[in-house]
Amino acid sequence: MGLQNGYFRPTSVDEALDHLAANDLTIAAGCTDLFPATEQKTLGGPVLDISGITALRGFRKNETGITIGATTTWSDLIAAPLPSAFGGLKLAAREVGARQIQNRGTLAGNLCNASPAADGVPPLLTLDAQVVLASKAGRRVMPLADFLIGPRQTARRADELLEGVHIPASALMGDGQFLKLGARKYLVISIAMVAARLVIADGVVAEAALAIGACGPVAARLPKAEAALVGQPMDPGLINASHLQGYLAPIDDMRADAAYRTTVATELVQRILGRFAESRSA
Amino acid sequence: MSTVSMTVNGKVVASVVEDRTLLVDFIREHLRLTGTHVGCDTSQCGACVVHVNGKAMKSCTMLAAAADGADVTTIEGVANGDLHPMQKAFNDNHGLQCGFCTPGMIMSGIDMVNRYKAEGKTLDEAAIRAELEGNICRCTGYHNIVKSIQQAAGEM
């Protein structure tokens with residue numbers, strides 16, 4: 001298939017990078033966000049469909065951590081045997097659309113789409129996720145927090161392909177959780193969501209990673225709340241609104257207004273921490 | 001334009017399509033298999049669900065070219081002489097009102113029963129209702145749809 005077709009479906013990363021170096025292309029993987037965003041019957045402009053690159057699908061584990069390939073689907077993630085630190089990411093995977101969407105949609109697409117309400121982002125932030133960007137010039141690795149610049153904006157250059165998401169070995173400890181608030185239970189875009197990864201030893205929080213989404217232009221870690229937990233016996237009551245102050249910049253939209261989001265943010269953090277308190281006493 | 005080739009309901013089909021043709025349009029317009037419906041065109045309602053390599057997918061969110069080489073089953077392909085147990089169950093329980101969502105409901109129903117069986121899990125009423133999150137019935141006829149899938153789960 002040539003450029004006149006405006007559609008490329010390479011089978012290798014090298015081939016994909018050649019196309020990206022030569023042309024201005026929209027990258028498509030599962031396409032679950034791409035089509036609704038166009039509001040048209042077909043995609044406008046030339047497309048690089050990476051769903052045929054089998055080497056990019058799945059998980060690779062080594063001493064540096066776990067890398068999730070770019071075309072790994074939400075269903076792949078749900079089914080994969082992963083450390084319990086991934087618990088939050090697995091719960092988020094179940095909340096992305098429904099099963100039919102989870103069978104197509106990819107984690108990397110969720111990141112490149114860069115919606116402030118992307119369910120995959122808060123759990124990945126608690127896993128200290130890094131993105132691997134490949135181009136003809138080579139590869140660069142950057143923290144997910146730096147990759148996401150704003151609503152629908154990322155640090156990806158036009159000639160780069162997000163090849164995978166790397167979770168460093170240092171972030172594989174503890175248990176992960178995810179909690180989403182929507183207007184209904186199923187098939188809903190988040191009003192707000194929180195993710196947590198905690199390492200609890202002898203009832204005391206040894207390590208805490210908390211992140212909030214849909215409460216600002218990009219999802220964010222909550223370092224003040226994390227600091228308030230570390231070294232203390234697990235207690236959701238340790239967190240109040242002051243710990244979130246400065247980390248929220250919610251908007252008013254059709255799903256909720258900013259004041260509501262600000263209020264529920266603290267509530268959601270307390271509730272997600274309550275899950276850890278419950279599992280400890282159980 | 002590009003040539004896409006795939007197996008649909010057991011038959012190899014090939015067609016020259018505009019590159020960005022959606023799978024659902026390929027199925028409906030090129031193959032004239034109009035049992036697969038388009039409800040919302042935004043991947044929400046589930047009327048367009050087909051099986052691609054054995055997994056339920058919304059065919060309005062997938063390119064025909066991305067299904068090149070795949071094994072696709074549509075509602076027309078589930079019966080094997082007699083009605084599929086899922087089709088029969090929808091008939092027995094009046095699991096439809098206007099019928100527009102029914103092909104997608106049946107394809108999702110078959111997928112969930114197969115998946116739960118493979119994983120050795122019990123598909124009870126609560127699980128069926130949760131699993132149906134990606135299929136919307138505008139007539140709100142969910143009660144009999146759930147009953148239908150429950151019956152078929154016992155027979156498949």
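Provide a single number: the residues in region A:116-140 that are open to solvent by 30 Å² or more (accessible area, probe 1.4 Å) and in contact (Cβ under 8 Å) with a residue 40 or more places away in the chain.
3
Give region B:41-81 a look and list any residue that's more than 10 Å from chain A (Cβ to nearest Cβ), open to solvent by less than 40 Å² (accessible area, probe 1.4 Å) and modelled with pLDDT under 95, or say none.
B:Ala64
Could you say whether any residue in region B:4-26 is in a helix (DSSP H, G or I), touching a helix residue (DSSP H, G or I) at 6+ places or on another chain (Cβ under 6 Å) and farther than 20 Å from A:Leu187 by Cβ?
Within region B:4-26, one or more residues are in a helix (DSSP H, G or I), touching a helix residue (DSSP H, G or I) at 6+ places or on another chain (Cβ under 6 Å) and farther than 20 Å from A:Leu187 by Cβ.
Among what's in region A:42-78 and is touching a residue at least 40 places away in the same chain (Cβ under 8 Å), away from chain B (no Cβ under 14 Å) and in a loop (DSSP other than H, G, I, E, B), pick the residue that is surrounded by the fewest Cβ atoms within 10 Å (Cβ to Cβ).
A:Glu63
Inspect region B:23-32 for any residue being of a type in the set (Asp, Glu), within 14 Å of chain A (Cβ to nearest Cβ) and touching a strand residue (DSSP E or B) at 6+ places or on another chain (Cβ under 6 Å) and give the result as yes or no.
No: region B:23-32 contains no residue that is of a type in the set (Asp, Glu), within 14 Å of chain A (Cβ to nearest Cβ) and touching a strand residue (DSSP E or B) at 6+ places or on another chain (Cβ under 6 Å).
Which one of these does A:Arg261 not meet: (1) in contact with a Cys (Cβ under 6 Å, 6 or more places away or on another chain); (2) assigned to a strand (DSSP E or B); (3) of a type in the set (D, E, K, R)?
A:Arg261 satisfies all of (1) in contact with a Cys (Cβ under 6 Å, 6 or more places away or on another chain); (2) assigned to a strand (DSSP E or B); (3) of a type in the set (D, E, K, R) except (2).
Would it be correct to say that B:Ala118 is over 17 Å from the mean Cα position of the chain (by Cα), closer than 20 Å to A:Cys31 by Cβ, open to solvent by 10 Å² or more (accessible area, probe 1.4 Å) and hydrophobic (A, V, I, L, M, F, W, C)?
no
What is the residue count in region A:79-99 for residues that are at pLDDT 95 or above, within 26 Å of B:Thr61 (Cβ to Cβ) and open to solvent by less than 30 Å² (accessible area, probe 1.4 Å)?
The total comes to 6.
From the list A:Val188, A:Val204, A:Val165, which residue is within 13 Å of the chain's Cα centre (by Cα) and either assigned by TED's automatic domain parsing to the domain that holds A:Leu248 or not small (Gly, Ala, Ser) (or both)?
A:Val165
Please go through region B:113-145 and give me each residue that is part of a helix (DSSP H, G or I) and away from chain A (no Cβ under 14 Å), ordered by number.
Scanning region B:113-145 gives B:Lys117, B:Glu125, B:His143, B:Asn144, B:Ile145.
Within region A:221-229, is even one residue in a loop (DSSP other than H, G, I, E, B), touching a helix residue (DSSP H, G or I) at 6+ places or on another chain (Cβ under 9 Å) and at pLDDT below 95?
No, that holds for no residue.
Can we say B:Phe90 is hydrophobic (A, V, I, L, M, F, W, C), away from every other protein chain (no Cβ under 14 Å) and buried (at least 24 other Cβ atoms within 10 Å of the Cβ)?
When the stated conditions are applied, B:Phe90 passes them.
Inspect region B:14-30 for any residue being more than 27 Å from A:Leu34 (Cβ to Cβ) and either without any contact (Cβ under 8 Å) to a residue 60 or more places away in the chain or of a type outside the set (Lys, Arg) (or both) and give the result as yes or no.
Within region B:14-30, not a single residue is more than 27 Å from A:Leu34 (Cβ to Cβ) and either without any contact (Cβ under 8 Å) to a residue 60 or more places away in the chain or of a type outside the set (Lys, Arg) (or both).
I'd like to know if region A:149-162 contains one or more residues that are more than 19 Å from A:Leu56 (Cβ to Cβ) and within 14 Å of another protein chain (Cβ to nearest Cβ).
no
Can you name the residue in region A:168-187 that is surrounded by 16 or more Cβ atoms within 10 Å (Cβ to Cβ) and within 14 Å of another protein chain (Cβ to nearest Cβ) and, of all such residues, is nearest to A:Gly274 (Cα to Cα)?
Ranking the qualifying residues of region A:168-187, first place goes to A:Lys180.
The values are calculated or read from the model by the stated rules, or taken from the named source; none is laboratory data. Being a predicted model, the structure only gives us computed values, none of them experimental. Please note: Cβ atoms are built from the backbone with ideal geometry, for glycine as well, and neighbour counts cover all protein chains shown. Areas reflect the complete protein model, heavy atoms only, side chains present, ligands, DNA and RNA absent. Shrake-Rupley method; radii C 1.70, N 1.55, O 1.52, S 1.80 Å.
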